[in-house]
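Peer 1: If you scroll down you'll find the structure; I have some questions about it.
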Amino acid sequence: MQKKNQLILALDVTNKAQALSISKEVAYFADAIKIGYPLVLGTGLGIIGQLTEFAPIIADFKVADIPNTDRLICSQAFEAGASAVIVHGFTGRDSLVECVRTAREYNREIFVVTEMSHPGALDFMQPVAGGLARMAVECRASGVVAPATRPESVKEIRRIVGNLTIISPGVGAQGGRASDAIRAGADYVIVGRSIYGSKTPGKEAEKIVNEIEKCR
Ligand code: 3DU
């Protein structure tokens, strides 16, 4: 993934034709497209290969299992063409090590979830986010996922992860602002509904890119 516009499109639609047309419209503005269960369960894993025509694909499978199962899941995503896989860290070091090892085999990347962006993240995740971020560094993940809804948390996670990549969801529909997340230290913001739910997804993406440009 090449850092250009610092925008990642979260493509949580479930229909193939819609996924392709939105990708075509937004590709110029997005450095990557993040897909997850909604799109893959709706259309099949082959959608990853089809979308690589537009941008590098991040598979947000929030992998959270024993090391062997994690390895099988990550391999499937990489075989399908994903450039990166998002995994959970709370399952522990051995699971994360196996994900990173698998990514290395394919010369691809792993991003580790730290604190999530929704209100429920305060119940369990926020207190352990620092530990998850430290483990991501120690296990040599490529980067972490940190909440645009809480720029102060992004700042703290940046302090812990040094020069690892931070990708940050929660902009728009969840209330966060792209400029706040970038100023707090995020490398990329992840935006879903405010782009794919718009009648003019390309224009929405352009607006966010312009906002980010202003705070560089
Ligand atoms: O709220 P949006 O529609 O902009 O989508 C955000 C995307 O990022 C969506 O795919 C969601 O599953 C993902 N995500 C979070 O929202 C929060 C996290 O902590 C991690 C991933």
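Peer 1: How charged is the neighbourhood of ALA205? Take every other residue with its Cβ under 14 Å from the Cβ of ALA205, and add Lys/Arg as +1 and Asp/Glu as -1.
Peer 2: Working: positive: LYS4, LYS24, LYS34, ARG193, LYS199, LYS203, LYS207; negative: GLU25, ASP31, GLU204, GLU206, GLU211, GLU213.
Surrounding charge for ALA205 is +1.
Peer 1: Using the Cβ atoms and a cut-off under 10 Å, what net charge is assigned to the surroundings of ILE66, where Lys and Arg are +1 and Asp and Glu are -1?
Peer 2: Taking every Cβ under 10 Å from that of ILE66, the sum is -3.
Peer 1: Report the net charge of residues surrounding VAL26, where surrounding means a beta-carbon distance below 15 angstrom and charges are Lys +1, Arg +1, Asp -1, Glu -1.
Peer 2: Spelling it out: positives minus negatives among the neighbours equals +1.
Peer 1: Going by a ≥ b ≥ c, the root eigenvalues of the Cα gyration tensor, does the chain fall in the rounded group (a/c under 1.5), the prolate group (a/b larger than b/c) or the oblate group?
Peer 2: Cα axes put the chain in the oblate bin.
Peer 1: Okay, next question. About its Cα centre, what dipole magnitude does the chain give when the only charges are +1 on Lys and Arg Cβ and -1 on Asp and Glu Cβ, stated in debye to the nearest 20?
Peer 2: For the chain, the charge dipole is close to 460 debye.
Peer 1: Skip the ligands, DNA and RNA, and give the accessible area per residue of the chain with a 1.4 Å probe, whole Å².
Peer 2: Each residue of the chain exposes 45 Å² on average to a 1.4 Å probe.
Peer 1: Ok, one more. Expressed as a whole number of Å, what is the distance separating the alpha-carbon centroids of the range 104-139 and the range 1-46?
Peer 2: 22 Å
Peer 1: Follow-up question, since we're still on this one. Report the GluC sites (Glu not before Pro) located in the range 17-108 that are in a DSSP loop and have at most 12 other Cβ atoms inside 10 Å of their Cβ, or state none.
Peer 2: Passing sites in the range 17-108 are GLU53.
Peer 1: Sticking with this structure for a sec: Considering only protein heavy atoms and a probe of 1.4 Å, how much of the accessible area of the range 62-195 is carbon and sulfur, as a whole percent?
Peer 2: With neighbouring chains kept in place, the figure for the range 62-195 is 50 percent.
Peer 1: On to the next question. To the nearest 20 debye, what is the magnitude of the charge dipole of the range 1-106 about its Cα centre, counting +1 on the Cβ of each Lys and Arg and -1 on the Cβ of each Asp and Glu? Mind dumping the intermediate values first?
Peer 2: Values: 10 positive and 11 negative charges, 41 e Å.
For this selection, approximately 200 debye.
Peer 1: Rounded, prolate or oblate: which fits the range 1-74 when a ≥ b ≥ c are the square roots of the eigenvalues of the alpha-carbon gyration tensor, with rounded for a/c under 1.5 and prolate only if a/b beats b/c?
Peer 2: It comes out oblate by the Cα gyration axes.
The values are calculated or read from the model by the stated rules, or taken from the named source; none is laboratory data. Owing to the predicted nature of the structure, the values given are computational and were not obtained by experimental measurement. Reconstructed Cβ throughout: ideal geometry from the backbone, glycine too, with neighbour counts over all protein chains shown. Each accessible area value is taken on the protein alone, full model and side chains, heavy atoms only, with ligands, DNA and RNA left out. Shrake-Rupley method; radii C 1.70, N 1.55, O 1.52, S 1.80 Å.
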